[in-house]
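Q: Handing you a structure now.
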Amino acid sequence: MDLLTTKIALKDSVTKEDIWNLIKEWLTKSPHYGITAINYDETETFSQYFTTTAINILSTDFNGDTIFACRFTNYEKQNSWFTDIIYVVNSENKDLYIKLSCNSNSFTVDKPYANKPHIIKSLFKCGYTKTDGIFPICDTPITLTNDKVKDCSDIMTGLKETSLPVVYISYDTYNGSYYSVDPDKLAVKLAGLAHVIIEPNKEIALMLKEAANGRNAYNGYIGIYYPGNDHGEILALKGFYKNGILDKKAFAKAIYDNIRQALIYHSAFYNISWDKIQLAYQRNRYRLRTAEADKVSHEYEQDKEYISLLEGENKKSQEEIKLLTKQIEAQRATIETLKRRFENSSSVTFIKDNIDEYYTGEISDLIINLLTQINKFIPDNTRPKEIIDSFLLSNSYMNIGKKLFEQIDIALKEKSLEKRQRELEHLGFTMTDGTHDKAYFHDPKYSFTLAKTPSDYRTNYNTMSEIRKILDIYKKYFTS
């Protein structure tokens, strides 16, 4: 099964020898394989076998590209690991295709854990990668700047394309650490698989929101934008809160798994793999032999060999189709299992496709608040009471809305009207065009009057009261 695959653009100066040196350094210096020397002699084909590992190398032409391919095999008791590193050169680009796969001898539904091949880290250490569109391919997060906002919005809306997915980490005004994952750690984890872009502040967020027509992630959410289309996936935080605290490590793992799985599916369109290159090499050898052979005296044997080659090619193609089909079926089975598990759990699913959350946990906190208040009116020893008690025991407030209201109150009391406006915009308000004494929260129907002078405390107090009356999801709705 395929566990990891990616395609990394290389600088024009990177040679086959550079890549081979990285591979050789990785294998001979690793403490895990016990390989002290590799006797590669620059021939078209090369194989060397060790106690539990093997190295196979193939140099050939494939669909007009010059190929240098290396497969490293590591045989374990339960699993056989295959790392394919394929250096591809054509008239326009130099790329490195990296693929990790595994054949398991044990009957288990758990996938083996996929560690990224060490050679990816070496690419960054040597500075071999080049820029992908507007973003460098690197192992550090990239901070979005004003001059790149338009380009970034074009990527989010599908007008521009990168070869790798883009992970956009939005700035969270309500979170004390400002980001829902650690950008540095995530960038290292996704190095060579995706670009990690940081939104540095709310000014950039507002600019991007306008430029991207609202397709950007915001307020701590993570956006993933895939190449080749305008499909963007916004990852919510709700499932990663435990007792009101965001599990950043689990959230980062979910992002990594999403990217890794998407690249595995996308790799079917790369049209380059170890098996296809092997087949192309055999085909080239056959053509050379037929050109040198006596076509008259060996016609029968040539036809027989060609037919055999075609049959082998067809068999390999059928095996690839079967493998891809199995992978798709396995994913479907996993999805169905998770759906049934989710449907049978004590959690509640709310369809909220037509409702925009103005901040993380707004809807769930409202439901918890309502159920908490209603619960006192439900008779004991009844099924409704049992369900509500179980739900409240399994779910807790995220309380981000409470932080929001505290910051709104502080912003309204700001002595500088200019700073007040900026802070309110950071918190999700929009100033009404042509005036500076009215603002609405995400939607014009939630509009509020602002004080015209910093000393107008009465208006500030009334505005905050009105905001809580209209927007506060934590207030009491029922009285005993």
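Q: Would you tell me the accessible area of residue 44, worked out with a 1.4 angstrom probe on the heavy atoms of the protein chains, in Å² to the nearest 10?
A: Near enough 110 Å² of accessible area.
Q: Okay, moving on. Between residue 143 and residue 78, what length in nm is gained on full extension when 0.36 nm per residue of separation is reduced by their alpha carbon distance? Please list the in-between numbers first.
A: On the way: separation 65, 0.36 × 65 = 23.40 nm, distance 4.29 nm.
Computed gain between residue 143 and residue 78 is 19.1 nm.
Q: Suppose R0 equals 45 Å; then what is the FRET efficiency for residue 452 and residue 12 from their Cβ-Cβ distance, rounded to the nearest 0.05?
A: 0.15
Q: Quantify how much of the Cα-Cα distance distribution of segment 119-210 extends past 15 Å, in percent.
A: The share of Cα pairs beyond 15 Å in segment 119-210 comes to 60 percent.
Q: To continue, here is another question. Against the globular-protein guess of 2.2 N^0.38 Å, express the Cα radius of gyration of segment 373-474 as a ratio, rounded to two decimals.
A: 1.45
Q: At residue 160 and residue 271, where each label point lies 7 Å from the Cα along Cα→Cβ, what is the point-to-point distance in nanometres?
A: Going from the residue 160 label point to the residue 271 one covers 2.7 nm.
Q: Counting alpha carbon pairs within less than 8 Å and at least 6 residues apart, what relative contact order, in whole percent, applies to segment 396-480? Mind showing how you got there, number by number?
A: Details: 79 pairs, mean separation 19.8, N = 85.
For segment 396-480, the relative contact order is 23 percent.
Q: Another question, if that's okay. What is segment 31-151's relative contact order, in percent, from Cα pairs under 8 angstrom and six or more apart in sequence?
A: Reported relative contact order: 12 percent.
Q: Taking each pair of distinct Cα atoms in segment 58-212 once, what is the resulting Kirkwood hydrodynamic radius in Å?
A: 18.3
Q: Heavy atoms only, 1.4 Å probe, whole protein assembly: order 289, 283, 383 by accessible area, highest first.
A: Values: 289 95, 283 50, 383 145 Å².
Accessible-area ranking of 289, 283, 383, largest first: 383, 289, 283.
Q: Along the Cα→Cβ direction, 7 angstrom out, place labels at residue 47 and residue 115. What is the inter-label distance in nm?
A: So the two model labels end up 2.7 nm from each other.
Q: Keeping every protein chain in place, order 45, 36 by accessible area at 1.4 Å, biggest value first, i.e. largest first.
A: Ranking 45, 36 by accessible area, largest first, yields 36, 45.
Q: So what are the three principal axis dimensions of segment 8-70 from its Cα atoms, in whole Å, longest to shortest?
A: Computed over the Cα atoms, the extents are 37, 23, 18 Å.
Q: Provide the gained length on full extension for the span residue 462 to residue 90, in nm with one decimal, where the gain is 0.36 nm per separating residue minus the Cα-Cα distance. Write out the running numbers ahead of the final one.
A: Values: separation 372, 0.36 × 372 = 133.92 nm, distance 6.84 nm.
Length gained between residue 462 and residue 90: 127.1 nm.
Q: Not counting ligands, DNA or RNA, and with a 1.4 Å probe, what is residue 461's accessible surface area in Å² rounded to the nearest 10?
A: 140
Q: In what sequence, largest accessible area first, do 362, 406 appear using a 1.4 Å probe?
A: The ranking, largest first, comes out as 406, 362.
Q: Still on this structure, please answer the following. Around residue 388, what is the net charge, scoring Lys/Arg as +1 and Asp/Glu as -1 over all other residues with Cβ under 14 Å from its Cβ?
A: Neighbour charge sum, excluding residue 388 itself: 0.
Q: I'd like the Karplus ³J(HN,Hα) series for segment 410-422: coefficients 6.51, -1.76, 1.60, θ = phi - 60°, whole numbers in Hz, and an x wherever there's a Gly or Pro.
A: 5, 5, 5, 8, 4, 6, 8, 4, 5, 5, 4, 4, 5
Q: Expressed in nm to one decimal, what extension gain is obtained for the pair residue 376 and residue 39 from 0.36 nm per residue of sequence separation less their Cα-Cα distance?
A: Using 0.36 nm per residue and subtracting the Cα-Cα distance, I get 113.6 nm.
Q: If you don't mind, there's one more thing I want to ask. Rounded to two decimals, what ratio of Rg to Rh does segment 400-447 give with C-alpha atoms and a Kirkwood Rh?
A: On the way: Rg = 10.4 Å, Rh = 10.9 Å.
Ratio value, two decimals: 0.95.
Q: Quick one: accessible surface of residue 138, probe radius 1.4 Å, all protein chains present, in square angstrom to the nearest 10.
A: 30
Q: Can you pick out the pairs among 148/202; 150/202; 130/276; 238/403 whose Cα atoms lie more than 19 Å from each other? Write down the numbers at each step before the final one.
A: Numbers: 148/202 15 Å; 150/202 16 Å; 130/276 27 Å; 238/403 17 Å.
Going by Cα-Cα distance, 130/276 fall outside the 19 Å limit.
The values are calculated or read from the model by the stated rules, or taken from the named source; none is laboratory data. These numbers come from a predicted model, not from an experiment. When we count neighbours, we look across all protein chains shown, and the Cβ atoms used for this are built from the backbone with ideal geometry, even at glycine. Protein only, heavy atoms only, side chains kept; ligands, DNA and RNA dropped before computing areas. Shrake-Rupley method; radii C 1.70, N 1.55, O 1.52, S 1.80 Å.
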